[in-house]
Amino acid sequence: TITVHGYELALEALRQASVLSSEGFYGPAINMAIGKSILGQLRPDEQEGYLSSHPLHQLTRHTVVNPVRLRERLPRPNAVAMDNEEYAVGIGCLAAPISTPDVVGSIGVVTPPRTLPGTIRLRETLALGAARVSRAIALM
């Protein structure tokens with residue numbers, strides 16, 4: 001069990017999160033932009049704790065299964081994460097962090113992978129929306 005100040009629920013959600021693909025396989029969230037976004041918000045020791053206790057599964061030929069490469073590709077805490085066919089062929093995703101003193105999360109969108117290279121406006125819009133959600137949660 002990883003004990004993290006204020007992030008226990010986010011880590012538990014990340015540990016248990018999975019998505020059912022069309023082939024019927026449940027895969028870990030770290031293969032998707034939303035999981036990378038959540039992991040990218042954590043401190044390096046927290047990231048290491050998660051990655052060292054969870055195997056990386058090769059879901060497609062694009063899936064990052066090298067822990068060093070995955071760490072290098074994790075987004076900065078306020079950056080948008082990307083999944084370019086790493087979870088499923090034909091699926092691209094972007095995810096922006098939601099963060100308050102008590103909440104760590106992410107919101108994401110699915111897009112055709114061919115559109116990912118030109119997604120600057122989409123990334124900006126997603127980041128703006130996530131910032132608004134973070135502010136709204138913080139005011140609750």
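The values are calculated or read from the model by the stated rules, or taken from the named source; none is laboratory data. The model shown is predicted, which means the values in this text are computed figures rather than measured ones. Neighbour counts run over all protein chains shown; Cβ positions are idealised from the backbone, glycine included. Accessible surface areas use protein heavy atoms only, side chains included; no ligands, DNA or RNA. Shrake-Rupley method; radii C 1.70, N 1.55, O 1.52, S 1.80 Å.
On the stretch given as the stretch 43-61, residues that are polar (S, T, N, Q), in a loop (DSSP other than H, G, I, E, B) and at pLDDT below 85 total 0. Examine the stretch 68-75 for a residue that is in contact with a helix residue (DSSP H, G or I) (Cβ under 7 Å, 6 or more places away or on another chain), modelled with pLDDT of 90 or more, under 17 Å from residue 113 (Cα atoms) and part of a loop (DSSP other than H, G, I, E, B), and state whether such a residue exists. Scanning the stretch 68-75 turns up no residue that is in contact with a helix residue (DSSP H, G or I) (Cβ under 7 Å, 6 or more places away or on another chain), modelled with pLDDT of 90 or more, under 17 Å from residue 113 (Cα atoms) and part of a loop (DSSP other than H, G, I, E, B). Checking each residue in the stretch 80-126 for being over 11 Å from the mean Cα position of the chain (by Cα), within 22 Å of residue 47 (Cα to Cα) and not β-branched (Val, Ile, Thr) picks out 84, 86, 87, 99, 101, 102.
What residue, among those in the stretch 63-113 that are charged (D, E, K, R) and in contact with a strand residue (DSSP E or B) (Cβ under 8 Å, 6 or more places away or on another chain), is most open to solvent (accessible area, probe 1.4 Å)? Once the filter is applied, the top-ranked residue is 85.
Would you check if there is a residue in the stretch 25-42 being among the aromatic types (Phe, Trp, Tyr), modelled with pLDDT under 85 and exposed (fewer than 15 other Cβ atoms within 10 Å of the Cβ)? Checked the stretch 25-42: at least one residue is among the aromatic types (Phe, Trp, Tyr), modelled with pLDDT under 85 and exposed (fewer than 15 other Cβ atoms within 10 Å of the Cβ). Listed conditions (1) under 20 Å from residue 127 (Cβ atoms); (2) out of contact with any Leu (no Cβ under 9 Å at 6 or more places or on another chain) are all met by residue 72, apart from (1). Only one of the numbered conditions (1) outside any helix (DSSP H, G or I); (2) within 23 Å of residue 91 (Cβ to Cβ); (3) in contact (Cβ under 8 Å) with a residue 24 or more places away in the chain is not met by residue 30, and that is (1). The one condition from (1) in a loop (DSSP other than H, G, I, E, B); (2) within 28 Å of residue 135 (Cα to Cα); (3) β-branched (Val, Ile, Thr); (4) modelled with pLDDT of 90 or more that residue 64 does not meet is (2).
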